[in-house]
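Working notes, structure below.
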Amino acid sequence: TDFYANGVLCSPTRAALMTGRYQQRYGFENVVADASDYGLIATGRSLPQLLKNGGYATALVGKWHLGGKPPFRPSAHGVEYFFGFLGSHADFYHHNRGPMAPDLWENDTSIYPQFDGEYLTDLITDRSIKFIEQSATARRPFFIDVAYNAPHWPYQPPGRPSPAPGTGAQQLPQQDNTATRADYAAMVEGVDGGVAKVLQTLDRLGLTSNTIVIFTNDNGGEWLSNGGPLFNRKWTTWEGGIRVPALVRWPGHIQPGRVSDQVGVTFDWTASILAATNTPVPAETKLDGINLFPIFEGRAPEVERTLYWRTNVGNRTQRAIRSGDWKVMVDSNHVFVFNLRTDPGERNYLTYQRTDIARRLRPML
């Protein structure tokens, strides 16, 4: 119930997952510009690299967005198989970011326009299943990041192909003929169907009992989403911008239907996966996250966390700290105090009552 993305946008959170550390340690405060000479530096200690060192087949299918130049691509971080796009977004039918900007890759080879007209969510599902099948045939343990980009813009639902490649422009609510809530819901349902097919593949191959499945997101919802009761959305450090779904299935370890209000954040998955797979972690990796699985299994008590967020994207300066149930939110020059256990929607600010919380947590930011 209380799980968070490391960032308010995609690239920072993805950097935290790959490194297991706060993304600011690698300079990731914002999204990576698609033509940038900057990207996530390969250290040899990324999550897929460490798993690969231990004999795991590793894949990322879908969105990367941690740098498009060769030194920053998935292959530089231990990903054996990559299918998807390197940039921020892609036309769901024509697989480009805009005019003269094709973006569909298999490993380090551009395969545009090989699959022109095929819906990207379905391509991600199909290639993920293929990788799982090949790993099972080879009897190799595997790690796969199934990185669906839906429902990111452009808001193109399944079954409604566009006649020409998109412009790459973001669709906004004030525009004529903009996207609808129904479009957005259909895109989400497309992902739901893909997840179902992946889980059915694990069942068919007899892998369910020995596979950990994690479903989560890299930021809060787009403007077409309804994140209630959480306030605000993606791009902000309000709860609607950073609190995300977190569902885990590990048969024989985590009881079905169990609900946890343990506070967690993206880089905890990194620490948890490495621990569950008994992967050696070099001391210089310096993971910032914790292993959540013993808590989810009921073998360890919940622990109090202190976590941090900040952003200056879009001329919006925001910082937030959560310590236990308390959150101090700094929006521009305004300081707010909230108790998230009783007020997850951040509607009842207690700054005037709990200056002691402000005095304790604001300096920590």
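Within the stretch 1-21, how many residues turn out to be open to solvent by 10 Å² or more (accessible area, probe 1.4 Å), over 10 Å from the mean Cα position of the chain (by Cα) and closer than 17 Å to Leu274 by Cβ?
2
Among what's in the stretch 222-258 and is open to solvent by less than 30 Å² (accessible area, probe 1.4 Å) and hydrophobic (A, V, I, L, M, F, W, C), pick the residue that is nearest to the chain's Cα centre (by Cα).
For the stretch 222-258, the residue satisfying everything is Val244.
Please count how many residues of the stretch 185-219 are open to solvent by less than 40 Å² (accessible area, probe 1.4 Å), touching a Pro at 6+ places or on another chain (Cβ under 7 Å) and either under 25 Å from Trp238 (Cβ atoms) or among the hydrophobic types (A, V, I, L, M, F, W, C) (or both).
2
Six or more apart or on different chains, Cβ atoms under 8 Å: show the pairs whose first residue is in the stretch 179-200 and under 13 Å from Pro158 (Cβ atoms) and whose second is aliphatic (A, V, I, L, M) and part of a helix (DSSP H, G or I).
Close Cβ pairs (under 8 Å, with a partner that is aliphatic (A, V, I, L, M) and part of a helix (DSSP H, G or I)) amount to Gly194/Ile124.
Tell me yes or no: at least one residue of the stretch 261-271 is over 28 Å from Gly44 (Cβ atoms) and either surrounded by fewer than 19 Cβ atoms within 10 Å (Cβ to Cβ) or in contact with a helix residue (DSSP H, G or I) (Cβ under 6 Å, 6 or more places away or on another chain) (or both).
Yes, the stretch 261-271 has at least one match.
Let me confirm something: among Ala275, Ala283, Ala300, which residue is in contact with a Pro (Cβ under 9 Å, 6 or more places away or on another chain) and either at positive phi or loosely packed, with under 15 Cβ neighbours inside 10 Å (or both)?
Numbers: Ala275 fails: either at positive phi or loosely packed, with under 15 Cβ neighbours inside 10 Å (or both); Ala283 fails: in contact with a Pro (Cβ under 9 Å, 6 or more places away or on another chain).
Going through Ala275, Ala283, Ala300 in turn, just one is in contact with a Pro (Cβ under 9 Å, 6 or more places away or on another chain) and either at positive phi or loosely packed, with under 15 Cβ neighbours inside 10 Å (or both): Ala300.
Looking only at the stretch 158-184, how many residues end up being open to solvent by 40 Å² or more (accessible area, probe 1.4 Å) and more than 23 Å from Pro99 (Cβ to Cβ)?
7
Could you go through the stretch 81-94 and let me know if any residue there is within 24 Å of Phe267 (Cβ to Cβ), over 17 Å from the mean Cα position of the chain (by Cα) and assigned to a strand (DSSP E or B).
So far as the stretch 81-94 goes, yes, one or more of its residues are within 24 Å of Phe267 (Cβ to Cβ), over 17 Å from the mean Cα position of the chain (by Cα) and assigned to a strand (DSSP E or B).
For (1) assigned to a strand (DSSP E or B); (2) in contact with a Gly (Cβ under 6 Å, 6 or more places away or on another chain), each residue gets a yes or a no:
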| residue | (1), (2) |
| --- | --- |
| Asp268 | no, yes |
| Ile290 | no, no |
| Glu302 | no, no |
| Arg319 | yes, no |
| Arg341 | no, no |
| Pro344 | no, no |
| Arg362 | no, no |
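The values are calculated or read from the model by the stated rules, or taken from the named source; none is laboratory data. The structure presented is a predicted model; accordingly, all values stated were derived computationally and were not measured. We place every Cβ from the backbone using ideal geometry, glycine too, and count neighbours over all the protein chains shown. Only protein heavy atoms, including side chains, enter the accessible area calculation; ligands, DNA and RNA are left aside. Shrake-Rupley method; radii C 1.70, N 1.55, O 1.52, S 1.80 Å.
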